[in-house]
Amino acid sequence: MSAVLSPRQAVAAERRRDTAPNATPPASSPASASKARYVWALTRISLGWVFLWAFLDKAFGLGYATERADAWVNGGSPTVGFLTFGTNGPFAGAFQSIAGAAWADWLFMVGLAGIGVALVLGIGTRIAAVSGALMLVLMYAAAPVLENNPFMDDHLVYALVLIGLAQVGAGRTWGLGRRWEATDLVRRYPALR
């Protein structure tokens with residue numbers, strides 16, 4: 001038969017167990033929070049690279065999603081292929097009407113580059129996360145894929161992850177977030193964090 005511990009004895013026993021050499025830290029411990037920072041930082045850099053790679057491939061036609069002849073630097077349009085042939089659903093007509101428009105190409109490419117660079121460097125992660133989430137939701141709206149899942153899509157999951165990155169300040173680990181946040185510009189305009 002096991003002995004019943006008083007509340008004070010139970011707390012003391014839990015502390016001893018949590019500080020034992022091979023103890024697994026509880027989910028809310030400082031050690032697990034420290035490990036989570038690195039997971040969020042790696043996630044931030046990875047998503048930044050997704051955006052940055054899309055920009056580089058579309059700009060220079062690296063042969064993955066965009067052939068060299070269709071590269072933006074060679075006069076190709078980064079929006080015409082997807083918006084003309086890849087859209088479906090209730091908003092397809094609206095998206096198809098802007099396919100190939102110079103302003104849409106520039107906005108898309110500047111968005112990809114800006115979001116990618118900001119996330120990789122860990123600067124302006126809040127504004128990059130909001131911008132990236134908006135871009136991903138618009139891409140989902142342009143081509144909602146409902147065959148495999150009636151609601152959820154990887155664009156929506158990435159958008160949620162971006163919002164999570166902004167909430168945890170992921171730019172401060174393995175990034176320039178702390179330096180960025182200390183600049184006069186960001187102190188004056190905190191939305192640029």
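In Å and on Cα atoms, what radius of gyration and Dmax does region 20-121 show?
19.8, 64
Counting helices only, and only those DSSP H runs with n ≥ 4, report the 222 nm mean residue ellipticity of the chain as the sum of -39,500 (n - 2.57) divided by its residues, in deg cm²/dmol to the nearest 500.
Rounded to the nearest 500, the figure is -18500 deg cm²/dmol.
Once Lys and Arg get +1 and Asp and Glu get -1 on their Cβ, which of Val117, Gly86, Gly177 lies farthest toward the positive end of the dipole of the chain?
Gly177
Could you size up the charge dipole of region 77-193 around its Cα centre, putting +1 on the beta carbon of Lys and Arg and -1 on that of Asp and Glu, and report it in debye to the nearest 20?
With only Lys, Arg, Asp and Glu charged at Cβ, the dipole is about 660 debye.
Tell me the relative contact order for region 41-192 as a rounded percent, counting alpha carbon contacts under 8 Å between residues six or more apart.
Answer for region 41-192 is 26 percent.
How do Val73, Val137, Val186, Val120 line up, fewest other C-beta atoms within 10 Å first?
Val73, Val137, Val186, Val120
Using a Förster distance of 30 angstrom, determine the FRET efficiency expected from the C-beta separation of Ser34 and Asp70, and round it to 0.05.
0.10
How many nm separate the modelled label positions at Leu146 and Gln167, each set 7 Å beyond the Cα in the direction of the Cβ?
Label-label distance for Leu146 and Gln167, simple model: 2.8 nm.
Can you tell me the Rg and the Dmax, both Å, for the Cα atoms in region 80-179?
Computed over the Cα atoms of region 80-179, radius of gyration and Dmax are 15.2, 45 Å.
Tell me the relative contact order for region 34-81 as a rounded percent, counting alpha carbon contacts under 8 Å between residues six or more apart.
20 percent
Convex hull over the Cα atoms of the chain, averaged projected area in nm²?
Orientation-averaged projected area of the Cα hull: 18.0 nm².
Values quoted throughout were computed directly from the atomic coordinates according to the rules given, and no laboratory measurement underlies them. Please read these numbers as outputs of a predicted model, since none were measured by experiment. No Cβ is skipped: glycine too gets one built from the backbone with ideal geometry, and neighbour counts run over all protein chains shown.
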